[in-house]
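Okay, so here's the structure we're looking at.
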Amino acid sequence: GSWEKRILKSLNSMCTELSIPLAQKRPASEQKELLNKWNEMGTDEPDLSLFRPVYAPKDFLEVLMNLRNPNYENGEQPSFRSHLGLIQVPLKVKDIPELKEDFSELGLNIGQLGIDDSAQVPPELFENEHVRVGQKVLAEQDSAAAQQYVRQGCPTALRADLWALILNISNQPEDILYYEQLKSNVIQHDLLVDSLIYKDVKLTASNDDYYFVFEDYLYQVLLCFSRDTSVLDHFTYSSATPPKSYIRGKLGMEEYAVFYPPNGVIPFHGFSMYVAPLCFLYHEPSKLYQIFREMYVRFFFRLHSISSHPSGIVSLCLLFETLLQTHLPQLFYHLREIGAQPLRISFKWMVRAFSGYLATDQLLLLWDRILGYNSLEILAVLAAAVFAFRAVNLMEVTSLAAAEAVLADLSTLKVMPLLQIFLFATVT
């Protein structure tokens, strides 16, 4: 609650400072201009120097570090007292034996896409057979079978269709119409949040070697998304409450409250990176839009809202810290001693589901597994696996800056071997 209020306060103070309203109708001339350049919004260079991201992941981490659960103050959970990480909320997280069981399809003796030299089967044999099975799953349009199938990774040529099948996206005429309605809302109304979206794309995706080419898609999807009130429905099953804004002078009077932005989601620094990887798979705007919206309401919203859900960011942070403290205690203590708490480094990876940190082919293999297991827990496992992989170098650093330097570039990492080694080759 208070976190959401803080974000909104920051947004409102920006309105006051810049004396621009949260929302206003665009003049006809501006509407026409926007419609004409809809497919090349990236060429526009408005002055965004005054706009600042409402919050960045590290601000959010500070909030999570200060969370306490009053029910546990009297030390009911002795096991938790030994937790030396930054997260102080005692939620139940899985240990490696439980994770091994949950992610059994990642086992060392099972064929995987994304592993070049599986001992059991020559990769090309596995791949040819895997493609054949994937085509069969698609032909049968069986969503559950598709979800099971992608646990071993998606062949590149089938990924877009398999993900759409798992997410139940069919892009019917009424879906295309809905997208067009959102688009016309963007054309007609100017929201303060538009400038935040614009700025975020400029600060993140536009500077990314993989994603800068998709800049226009990102504006289209994110501007439409901010107007999509159907996204509000996801708040009914998350404990977060959408931010509300009050009509001037009516603060606190419920009947004057409107959700702002209309979808209830205020983008933070890096938000556009949830969309960017999907642009590789979908080139038709309304379909890209639907896939993103479904990924958001199933998964991504959990990465920036506070809850006790196993895929929620608080649980992921705790799972990451517990895995390190349990399986790499020396590394964990060393980093903690030098003021380089591991979560300070891995938090941004997890909040963005590793988007913008891994090479795209590797990121898509990771997201295959998020869809396959219907869980974000694999993000915490991968974050721990990255630390394990770089442990020797990390044992030598003596500051947070040096630790960050060791982990600054993840673009050469191969996700699947890292996960497999950490889960199935670590002595537990």
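The values are calculated or read from the model by the stated rules, or taken from the named source; none is laboratory data. As the structure is a computational prediction, the values presented were derived from the model and not from experiment. Every residue, glycine as well, gets a Cβ built from its backbone with ideal geometry; the counts of neighbours run over all protein chains shown. The protein model used for the area step is the full one, side chains on, heavy atoms only, and it has no ligands, DNA or RNA in it. Shrake-Rupley method; radii C 1.70, N 1.55, O 1.52, S 1.80 Å.
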* Structure fact -> Pairs returned, first residue in segment 207-232 that is within 25 Å of ASN263 (Cα to Cα), second residue that is open to solvent by 10 Å² or more (accessible area, probe 1.4 Å) and basic (Lys, Arg), beta-carbon separation under 6 angstrom, 6 or more apart or interchain, are CYS224/LYS183
* **Those residues of segment 1-28 which are open to solvent by 60 Å² or more (accessible area, probe 1.4 Å) and of a type in the set (Asp, Glu), in sequence order** => GLU17
* Which one is surrounded by the fewest Cβ atoms within 10 Å (Cβ to Cβ), of the residues in segment 146-179 that are outside any helix (DSSP H, G or I) and in contact with a Gly (Cβ under 9 Å, 6 or more places away or on another chain)? -> PRO155
* Exactly one of (1) at pLDDT 95 or above; (2) open to solvent by 40 Å² or more (accessible area, probe 1.4 Å) is unmet by TYR296. Its number? -> (2)
* Cβ-Cβ below 8 Å, separation at least six or inter-chain, first residue in segment 1-23 and more than 16 Å from LEU64 (Cβ to Cβ) and outside any helix (DSSP H, G or I), second open to solvent by less than 40 Å² (accessible area, probe 1.4 Å) and among the polar types (S, T, N, Q): which pairs? -> LEU22/SER245
* Given the conditions (1) open to solvent by 10 Å² or more (accessible area, probe 1.4 Å); (2) under 18 Å from the mean Cα position of the chain (by Cα); (3) modelled with pLDDT of 85 or more, and given that THR229 satisfies all but one, which numbered condition is not satisfied? -> (2)
* Structure fact -> In segment 257-294, anything over 13 Å from the mean Cα position of the chain (by Cα) and among the basic types (Lys, Arg) is listed as LYS287
* Asked: Which is closer than 27 Å to LYS5 by Cβ, hydroxyl-bearing (Ser, Thr, Tyr) and either at pLDDT 95 or above or open to solvent by 10 Å² or more (accessible area, probe 1.4 Å) (or both), of SER307, SER346, SER355?
  -> SER307
* To do: Would you mind stating whether TYR210 is hydroxyl-bearing (Ser, Thr, Tyr) and open to solvent by 40 Å² or more (accessible area, probe 1.4 Å)?
  => yes
* Asked: Could you say which residue among ALA380, ALA340, ALA384 is assigned to a loop (DSSP other than H, G, I, E, B) and either open to solvent by less than 10 Å² (accessible area, probe 1.4 Å) or modelled with pLDDT of 95 or more (or both)?
  -> ALA340
* Just one of the numbered conditions (1) of a type in the set (Asp, Glu); (2) under 21 Å from ALA405 (Cα atoms); (3) open to solvent by 20 Å² or more (accessible area, probe 1.4 Å) is not true of GLU321; which one? -> (3)
* To do: Kindly check whether there is at least one residue in segment 42-51 that is surrounded by 17 or more Cβ atoms within 10 Å (Cβ to Cβ) and under 26 Å from the mean Cα position of the chain (by Cα).
  => yes
* Structure fact -> Those residues of segment 131-149 which are over 15 Å from LEU106 (Cα atoms) and either more than 28 Å from the chain's Cα centre (by Cα) or of a type outside the set (Gly, Ala, Ser) (or both) amount to VAL131, ARG132, VAL133, GLN135, LYS136, VAL137, LEU138, ALA139, GLU140, GLN141, ASP142
* Asked: Do you know which residues across segment 391-428 are open to solvent by 50 Å² or more (accessible area, probe 1.4 Å) and part of a loop (DSSP other than H, G, I, E, B)?
  -> MET395, GLU396, THR398, ALA408, ASP409, THR412, LYS414, VAL427, THR428
* Asked: In segment 29-40, which residue that is open to solvent by less than 80 Å² (accessible area, probe 1.4 Å) and assigned to a helix (DSSP H, G or I) is nearest to GLN188 (Cα to Cα)?
  -> GLN31
* To do: Could you tell me whether LEU182 is over 20 Å from CYS279 (Cα atoms), touching a residue at least 40 places away in the same chain (Cβ under 8 Å), of a type outside the set (S, T, N, Q) and buried (at least 19 other Cβ atoms within 10 Å of the Cβ)?
  => no
